[in-house]
Every structure is written in structure tokens, then in C-alpha cells.
Ligand SMILES: NC(=O)C1=CN([C@@H]2O[C@H](COP(=O)(O)OP(=O)(O)OC[C@H]3O[C@@H](n4cnc5c(N)ncnc54)[C@H](OP(=O)(O)O)[C@@H]3O)[C@@H](O)[C@H]2O)C=CC1
Ligand SMILES: CC(C)(CO)C(=O)C(=O)O
């Protein structure tokens, strides 16, 4: 697990629990925490597995990539370029590199830097993982991992078996990535709200902003001839209508089908809370760039990117009606 933070530690911990030989490579903060507390992975169903400190192989040096048969890349999008250079320098040629990252362009960066010597595979994480401190990583949203379907991932999926980090395979990973991006348009609104996902999603004004970003996204993808796949309970065409629907309908149609822990937040909210630059350029920004290429505008997503920039510089959270007015002008 390269870039072992929330996702890398949770997924790696689950795979180790399933019997795989896992090594984690990441930062000193996590290494120190795990050396003190060991590692505990858990999920919303009450499943839990703990490892003692000496059972977790957590390294901070990228030369530890040399022994990997499969590298699961879990760095944030802004760190992909650097991580790819480290894989190129230390990984064994022929190794499979799976990107378990949000967004579209991480795989393009990896392919540009690695495709001549490594096998680059697109992956997708549909659920939220929270780092709770003291070596604890908690899956707070339902769903299964996805990766491109090929012999190496088939063997990996078989070895993992049934687990909170089960791996499903697909031949349409680009469609899945775009489908996931449409869902991830909620990340920025969640971050701007300053509230947990459940609390934010229950406010229709926040959902109206998400629905407007998704509607704009769906239109742009159609214009570009890109077909987003269905990720989760609702397909892309219906998603904006369901998200923007009245509260009673939304609660019954969507919230019941999607299990979300009360305290779960989006990964972009985690970034804002930690004072890190967010991945907005790789989510809403991806649509703004697509609109630029198509010679049209994407005013909703452009505005959301602008608001996240302000939030990264310290602007306070926005209440539901204030965000609606800022983005939709009404
Ligand atoms: N968290 C979540 O719930 C979800 C996240 N995702 C996606 O998964 C990906 C990973 O997110 P998440 O786990 O939250 O991110 P985290 O920030 O928790 O973990 C990534 C870790 O990788 C470290 N890192 C960055 N570059 C390197 C490097 N070259 N060598 C070693 N370590 C490195 C980071 O350190 P530093 O901070 O110092 O850079 C950080 O500790 C993102 O694309 C995110 O969008 C998808 C679904 C849900
Ligand atoms: C799981 C989900 C959709 C939660 O917002 C996510 O992808 C994220 O936090 O980045």
C-alpha cells in the first residue's frame, strides 16, 4: 500500500486480515502511531480486526517498493507525479500498479510515467474511511472496491475473498471513474458545509448545489461522448434528480439505500480540516477543464472550485442557503 493513510491503511489492513502479505509505505506520523498503538480496521457493521505493532510492516522509505508484486497507490491526487517517480525508481519492472484514487487524471499521469515498464490499472474506492487516531481506520460508508479486470487483479480478488475490502473487477473502469466523479461532486459541498455527510446531505439547499454540479457534469460528459457508469444505487442520468429531490423522497430513496455512519465526512472535508490543499482540481476542476476543451462554460463547478480555494485560505463553512445563493445565484 503506497501512500498508506486512511484508504491505504484500511484496505491494506483488511487485505492482511484476509491473509495477504501486506507492506505499508507512507509517512512518519502514521508509522509512529502504528508503532505505538498497532493497527485496528473496522466497519459500520461492527466488523473489526486489530494487529499488534510488530504485526504491521509500515515503512517510510520508498526503496521498500522493490519487493512488491502489486502496488496499490493511495496518495492524494496532487502527490501522484512524485509517487510515480518513486515507483519508477524503486519498483520492480513488470509490477502492477493499481490507482485507488478519486478523479480521472491520476491514471493518465501514472501511464505517462510508468506504462513502458509497469502495468497501470485503474481502481475505485466507493466508501469513506476515517482515520480515528491511535492506529484506528474506520469504513463509514457501504460499498466494494473496484479495479480493472485482468489476470493479476483476478488473482488478487480471489486471494482477498469476502472482506470489508473485497475487490470487484470491471472492464469499464473509465466509465466507473466518471460515475464516481459525479458522486464525488458532493465532496466539495460537504467540505464547504463543515458538517458530517449525513447532516449535510439532509439539507436540501446543499443537495441543490450538488445536483446542479452533477447536472452540469452529466451534460458535459454527454457532449464529450463519455458514458459514466452507474456507481451506487442510482445511475448518472437520474442522480441529479434524486439528489435534488424533496427531503421526504430523498430520505426514503437514497439515504436508506446508502449506509453512512453519522460521523463520516468526505475526504475533501478531511483535507480542509487538516489544512491541506484539497483534490478539487481533480474532481470539479476536471469538469471545468473538460468544458474548456469543449469550448463551453461550467459555471457551477467553476464557482465551487473558487469557493474551495477560499476555504483552503481559511474562509469559514457556509450555511445551506448561503452556499445555494453563492453558487446558484438564487
Ligand atoms: N478518505 C476517504 O474516505 C476516501 C478517499 N478516496 C481517495 O483515495 C485517495 C487517498 O485518500 P486518503 O487515504 O484519504 O489520503 P490520506 O491523505 O489519508 O493518505 C495518503 C497518504 O500518502 C502520503 N504520501 C503522499 N505522497 C507520498 C509518497 N511519495 N510516499 C509516501 N507517502 C506519501 C500522504 O502524506 P502527506 O499528507 O504528507 O502528503 C498521506 O499520509 C485519494 O485520491 C482520495 O480522494 C476515495 C474514497 C474515499
Ligand atoms: C466515499 C466518498 C464518496 C465520501 O464522500 C468519497 O469518495 C470521498 O470521501 O472522497
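Here, each number is a calculation from the coordinates, and none is a lab measurement. This one's a predicted model, so the numbers in the text were calculated from it and none came from an experiment. Cβ coordinates were reconstructed from backbone atoms using ideal geometry, including for glycine residues, and neighbour counts include every protein chain displayed.
Would you calculate a helix-derived [θ] at 222 nm for the chain, using -39,500 (n - 2.57) for each DSSP H run of n ≥ 4 and dividing by the full residue count, to the nearest 500?
On the way: 14 runs with 150 residues, N = 330.
Counting only the DSSP helices, I get -13500 deg cm²/dmol.
Beta bridges per DSSP, both residues in the chain: antiparallel share near 35 percent.
Which percent, nearest 5, of DSSP beta bridges in region 6-171 are antiparallel? Of those bridges, close to 35 percent are antiparallel.
Compared with the dominant Cα axis of the chain, that is its longest principal axis, helix 28-37 is turned about 70°. The long axis of helix 105-114 is offset from the longest Cα principal axis of the chain by roughly 30 degrees.
What separates the Cα centres of region 297-326 and region 199-262 is a distance of 18 Å. Rg over Rh for region 175-328 works out to 0.94, using Cα positions for both radii and the Kirkwood form for Rh.
Arranged by the count of other C-beta atoms within 10 angstrom, fewest first, what order do 258, 178 take?
Details: 258 19, 178 24.
Taking fewest neighbouring Cβ atoms as first place, the list is 258, 178.
From the alpha carbon centroid of region 88-161 to that of region 1-72 is 14 Å. Prolate is the label for the chain, because the ratio a/c of its alpha-carbon gyration tensor axes (a ≥ b ≥ c) is 1.5 or higher and a/b is greater than b/c.
With contacts defined as alpha carbon pairs under 8 Å and 6 or more residues apart, what's the relative contact order of region 175-328 in percent? Relative CO of region 175-328 lands at 35 percent.
How high is the relative contact order of region 1-138, in percent, counting Cα pairs under 8 Å that sit 6 or more residues apart? Intermediate values should be presented prior to the final figure.
Details: 257 pairs, mean separation 37.7, N = 138.
Answer for region 1-138 is 27 percent.
To the nearest ten degrees, helix 299-312 and the longest principal axis of the Cα atoms of the chain are 60 degrees apart.
As a rough footprinting exposure proxy, the listed residues 297, 172 were ranked by other beta carbons within 10 Å of their own, and the order from fewest upward is 297, 172.
Dividing the alpha-carbon Rg of region 6-171 by 2.2 N^0.38 Å yields what? Provide the component values of the computation, followed by the final result.
On the way: Rg = 14.9 Å, N = 166, 2.2 N^0.38 = 15.3 Å.
It is 0.97.
Panel order for 82, 199, by other beta carbons found within 10 Å of each beta carbon, from fewest to most: 82, 199.
Short-range pairs are left out: with C-alpha atoms under 8 Å and at least six residues apart, the relative contact order of the chain is 16 percent.
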